[in-house]
Every structure is written in C-alpha cells, then in structure tokens.
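Here's the structure, in structure tokens; my notes come after.
Since every read-out is calculated from the coordinates, none of them should be taken as a lab result. Since we're looking at a predicted model, the values are computed, not measured. Positions of Cβ are generated from backbone atoms using ideal geometry, with glycine treated the same way; all protein chains shown enter the neighbour counts.
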C-alpha cells in the first residue's frame, strides 16, 4: 500500500503495485500478516479477543486493549494511547484469535498489555497526524546540522513524530557509544518537544529507509523480511562465491541476507562431496584440485605442467583418497575422466510472426550501417561521373572551335551567292558520345555535325545581307510600261 506508517512512505497513496492492497501478495507493507480466520463463522457464544495489534511507522508493532469492543478491520486508522501520554495514530494490522498466537510467538503475556485503543481516528486526528509527519523531514535535517556542529560521530537517519506533536523519536547509527547530552539540550530548545534517542544497527536503518538492491527489487528487509539472521562469510564459501566485498555486501554495508536463502540446499549437496581435498597421488604424478560442481558432483583436477583439467566423479575421488591413505597410487585420472556432453543449443521458436525484428538488439545499427554504405557508394559514383564529364567536355569544345584568323590576311568580300560548282566546306567529324554533350549540335540528313553558335550567327548575318542586296537591286530596274 505504501501508507505513511510503513517504510515506503507516500501517505495513504499506493507507491508500489498501485492495487490498493488487493494484490496477490497481500500488500507491500513490511511484516504483512494474512488473517486466514476472517472468512470463518465463529460460534454464537464466542467472545472476540480484546487485544489488537497496531502497526506504526518503520514496521513497529505493538499490542493494545480493545475494552470498548470497537469493530475494527485490518488497515483502519485508530487513535491509541501514547507511550508517555497523549495519543498516537496507527493502522490495524491484526485482530481476533491470530493476535493470541502472535503474542505467544513474541512471548508477550497478557498482563503486560496495558495501553488502550481510544477510538477510530476522526478527521481531526488524521489532520494532526499528517501535519506531524510533514515536520519529520525538516526536523531530521536540522538535527543533523546540530550534530555536525557538535562534531558527534553519529548519523541521524530517521525521525518519528507522535500524532499529537508532543514527542519525537530520533533514530541514529554510530560505531560506538555517543555522548549526546548537549545535543538533546539544543534540540529541545529548537523543537520544543519531548525527545527520545534510539540507536539502531545498519540493517535496521536500511529496513526503515528502504531502497533498491543489486537484484533490481526492493530490499527484503523493507518489504517482507521479519527478522535478521546472522550472515557469515562461510555461507559464501559453501556456495563457491568469490569473497568480493563489493558484491557480497548490501546497501547496509553488511553481508546480504539472501546469502542464507539457498545455504541449506548447498549444505545438503555437499554431504556427498569429500571435504578437505588434497592432492591425489596417481601413477602420472600428483593431481591438484581446481574446482567443484556441487550439484553435478563433478570435481576437476590437473597435473603439473598440463593446462587441461580432468573431470572426475566425486564418488571416485573418495575411493582414490582411501587408496592414498592406504599407501597405494591411483591410475592416471585421464583414463577415468568423465565424458561431459557438449551443451545443446536450442533454437528459439516464436509463436508469432516477427516482422519488425523485435528480437534483434542490433537491428538499428545494421540499418544505419547499410545506409551509410549506400551513401558512400553513391557519393563515389557521383565523383567518378563528374570526373569523366570534366575530361570529355574540354576535348569536344577544342575540336569545335574554329582556327584563329591571320590578322594580315584580308577578309574576302561578301558575295551575294555561293558558286554552284564550289565545294561544300567540310565540318570536322566528332565521336558520337562527345557530340551529345556539346552545345549547338545539329543533325542534317542523318549525319551528326557540330555547329557552334558563333558560326551559326555569322551565317544568319550573311543571309540577311544577301536578301537586302537583292531587294535593293530590284528597286533600280526600270518599270515596264
């Protein structure tokens, strides 16, 4: 749920699965309990158990007397008696006969339960409770500053206000004992409330604050773990884990609690594997132990100067150790090596048509690579075509240009018409592939001839002059009578 009384914070708004407490796990709160007697019909003469379990911030749970027999359901807000007077607000975590079992488990006798449940929390109670919770963040930072000014070797990690704002509990972590008497005086002057200092361990601090572990999930101590068991480095050795502090330590700085989850399974599997393995004496020399596959019960050995490891069954290793104790040498381990089958690669079969390449993580890289190759290829072709064009065009223009005239040579007079027997001037022939690229081309009678624009304009001027001369000559003729 992520209510204000649990470590996930967020008031009464769900912060986790956002299913309002109706998920299959029973909720996201720490130390969640399922009331499996809620749907059972009790006898008519049954008297409900008067003790109710109430949960507060940071997985703190306490027992209270319900003398007025108020009907309560799990998750309701109730106003209860405070530890040193006043009132506090908490959530109902357990009711009925399961509370009797819980008290027996915690070894809490009924005589020690003295605090009472006043009423269901009213709207005014909830407003005061929310106002007190909003002050916790600012109060914690001010207290940290005061401790820093006094140079105290401590870290204030959390503050828990009582609902009526008459008391605040400060949780801190430290390596040893801390003299915080001067700190309490200064905090009392600044906050004007009753102050209680409580030292907690690193694991309790991580459970109160919460966080995300290296596995990608929320911390076990802040979600479902109810008690802390001792974790030693022997648990890592039994599981053949490397003793790397960075990998084995959690956010609290201690060894991860999950190292104990599979420890029993490893201990059962290690019963069939010989302990304290030494070098095996064989006919080929001493074989040194390299590694062990606990669940497959296979042990690897190697000879001095040989890089190949020889797999041997754990049962056979026990027999060889007995032979060595009797003063006998075992045969060469290569003759007793186990044939390990190669791993079978199973092709993935999709139950859908993969049309967009969803299973390929590098599909975008391949597309960009092909696109770049196509662009480079096009640019290279364009450069080659441009270079070829530059090599061809100047040659054609040089062939088409007329020869420069001698300035000393006199220009021939313009004739009105070309003699009939005069030979036709021959134009220079050009290759077909060059003619298509030259300006001013003209095709006559199926033959390709190069006609520069300059010569064409000169011929037009000659025709115009001849036509003008003929017109003037006709005007000088006498008119017939």
Tell me whether segment 171-298 comes out rounded, prolate or oblate; compute the Cα gyration tensor, take square roots of the eigenvalues as a ≥ b ≥ c, and use a/c under 1.5 as the rounded threshold. prolate
Shape metrics for segment 51-138, restricted to C-alpha atoms - Rg then Dmax, Å: 13.2, 41
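What is the extension gain from residue 233 to residue 467, computed as 0.36 nm multiplied by their sequence separation minus the C-alpha to C-alpha distance, in nm to one decimal?
Values: separation 234, 0.36 × 234 = 84.24 nm, distance 11.84 nm.
Here the answer is 72.4 nm.
To the nearest 0.05, what FRET efficiency results for residue 41 and residue 106 with a Förster distance of 25 Å applied to their C-beta separation? Intermediate results must be reported in sequence, preceding the final value.
On the way: r = 28 Å, r/R0 = 1.13.
Step by step, r from the Cβ atoms, then E = 0.30.
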Roughly what would the spin-label model give for residue 142 and residue 188, points 7 Å off Cα along C-beta, in nm? 1.6 nm
Taking the simple approach of a point 7 Å from Cα along Cα-to-Cβ for both residue 389 and residue 290, what is their distance in nm? 6.7 nm
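Kindly give Rg over Rh for segment 252-339, based on alpha-carbon atoms, with the Kirkwood expression for the hydrodynamic radius.
Numbers: Rg = 15.6 Å, Rh = 14.4 Å.
Rg divided by Rh gives 1.09.
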If you average 1/r over all unlike Cα pairs in segment 170-217 and invert the result, what Kirkwood radius do you get in angstrom? 12.9 Å
Based on the Cβ-Cβ distance from residue 335 to residue 270, what FRET efficiency comes out when R0 is 30 Å, to the nearest 0.05? 0.65
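Residue 65 to residue 328: extension gain in nm, 0.36 nm per residue of separation minus the Cα-Cα distance?
The span from residue 65 to residue 328 would gain 87.1 nm if fully extended.
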Distance in nm between pseudo-label sites at residue 372 and residue 153 (7 Å out along the Cβ direction from Cα): 5.6 nm
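Dividing the Cα radius of gyration by the Kirkwood radius, what Rg/Rh value follows for segment 87-194?
On the way: Rg = 17.7 Å, Rh = 16.6 Å.
Using Cα coordinates only, the ratio equals 1.07.
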Förster radius 30 Å - calculated FRET efficiency between residue 135 and residue 212 (Cβ-Cβ, nearest 0.05): 0.65
